[in-house]
Amino acid sequence: MRPLVLLLLAGLLGGCVETRFESPPGERIEACDARWKGLWVDAAQPRAGEGEELAFRVDEACRFELLERPERDGPPKRVHVPVNFVHDRGRDYVVVADDQLAGLVSLPPPHGIDPAPARSFFIARYRIRGDRLEIHAVDDRRVAGLVIDSTLAGSVDRSRNELHVYVRGDRARVLEILRSEAVFQKKPSAVLERRHFGLDEFERERARQRGGRQ
């Protein structure tokens, strides 16, 4: 599940292809989007009771919790990750500081930036339609091209199998970039569906499924 989680949060592809921003977009950063409340799973997964694994849950206090399962038939492990939201001109963005992912993945400082910043930011665009959540990750190669041709300030560190992009700019500049440049993938990178039941009910369903296989 971890690659999907990273995709949801940051637009990462296993850490080998990534884009980080020097600043979050704009000054109006919110800690909660109530539309995210609920339990969300990958839309490509089967329904509960058919082998489905959780992706994440946002509780009534708007705490974002990753739900990982260290053992296939064991209980899910809850990992809280602070996420933030920006709404601008009818578009919605989820923002995660890279230092908040330290407990989830080994994440080095941005490549080629000296001195390394205390933190940088991953940004993804999202769209919610009822119980459907679409995540659009950054188009890393397009953004790298914009940096290389000096449309954007930043750096690109590219090797055979890796691409690390760092986009410079203060809050106002990053917001302007999101407004003026097509920095996100056109098609959703991930699609999730909200499930209308609680975690306990989900676990009971899984327990019944396991019992039926024995």
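The values are calculated or read from the model by the stated rules, or taken from the named source; none is laboratory data. Owing to the predicted nature of the structure, the values given are computational and were not obtained by experimental measurement. Neighbour counts run over all protein chains shown; Cβ positions are idealised from the backbone, glycine included.
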**Complete:** In the range 186-202, anything charged (D, E, K, R) and part of a helix (DSSP H, G or I) is listed as Asp200, Glu201
**Message:** Can you find a residue that is without any contact (Cβ under 8 Å) to a residue 60 or more places away in the chain, within 29 Å of Val58 (Cβ to Cβ) and not small (Gly, Ala, Ser) anywhere in the range 142-164?
**Reply:** no
**Asked** For the range 177-214, which residues satisfy the criterion of being modelled with pLDDT of 85 or more, surrounded by fewer than 18 Cβ atoms within 10 Å (Cβ to Cβ) and hydrophobic (A, V, I, L, M, F, W, C)?
**Response** Ala182, Val191
**Request:** Taking Ala144 as meeting all but one of (1) surrounded by 20 or more Cβ atoms within 10 Å (Cβ to Cβ); (2) closer than 30 Å to Arg195 by Cβ, write down the number of the exception.
**Result:** (2)
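Select from the range 36-52 the residues that are of a type in the set (D, E, K, R) and modelled with pLDDT under 90 and list them in ascending order. Before you say what the answer is, go through the steps one by one.
From the range 36-52, those of a type in the set (D, E, K, R) are 37, 42, 47, 50, 52; that's our starting set.
Scanning the range 36-52 gives Asp42, Arg47, Glu50, Glu52.
Please determine whether any residue of the range 140-155 is of a type in the set (S, T, N, Q) and under 15 Å from Glu18 (Cβ atoms). Don't jump to the end; show me each part of the working.
Restricting attention to the range 140-155, the residues satisfying the condition of being of a type in the set (S, T, N, Q) are 150-151, 155.
Filter again for under 15 Å from Glu18 (Cβ atoms), leaving 155.
Yes, that holds for at least one residue.
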**Residues of the range 118-137 satisfying the condition of being in contact with a helix residue (DSSP H, G or I) (Cβ under 9 Å, 6 or more places away or on another chain) and touching a residue at least 60 places away in the same chain (Cβ under 8 Å)** = Ser120, Phe121, Phe122, Ile123, Ala124, Ile128, Leu133, Ile135, Ala137
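Quick check on the range 136-153. Is at least one of its residues in contact with a Lys or Arg (Cβ under 6 Å, 6 or more places away or on another chain) and among the charged types (D, E, K, R)?
Quick first cut of the range 136-153, residues in contact with a Lys or Arg (Cβ under 6 Å, 6 or more places away or on another chain) only: 136, 153.
After this cut, where a residue has to be among the charged types (D, E, K, R) as well, the list is none.
Among the residues of the range 136-153, not one is in contact with a Lys or Arg (Cβ under 6 Å, 6 or more places away or on another chain) and among the charged types (D, E, K, R), which makes the answer no.
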**Candidate set: the range 102-117, residues that are over 22 Å from Gly154 (Cα atoms) and in contact (Cβ under 8 Å) with a residue 40 or more places away in the chain; chosen: the one surrounded by the fewest Cβ atoms within 10 Å (Cβ to Cβ)** = Ser106
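Here's a check for you: in the range 53-101, which residue that is acidic (Asp, Glu) and touching a strand residue (DSSP E or B) at 6+ places or on another chain (Cβ under 8 Å) is modelled with the lowest pLDDT? Break it down stepwise before answering.
Keep residues of the range 53-101 that are acidic (Asp, Glu), which gives 53, 59-60, 65, 68, 71, 73, 88, 92, 98-99.
Narrowing further to those that are touching a strand residue (DSSP E or B) at 6+ places or on another chain (Cβ under 8 Å): 53, 59, 65, 68, 92, 98.
Details: Glu53: 59, Asp59: 93, Glu65: 89, Glu68: 73, Asp92: 98, Asp98: 90.
By that ranking, first place goes to Glu53.
Which of the strands (runs of 3 or more DSSP E) contained wholly in the range 121-185 include at least 2 residues that are more than 19 Å from Pro110 (Cα to Cα) and touching a strand residue (DSSP E or B) at 6+ places or on another chain (Cβ under 9 Å)? I'd like the intermediate steps shown before the answer.
Working: elements: 121-129, 132-136, 154-158, 163-167.
Result: 121-129, 132-136.
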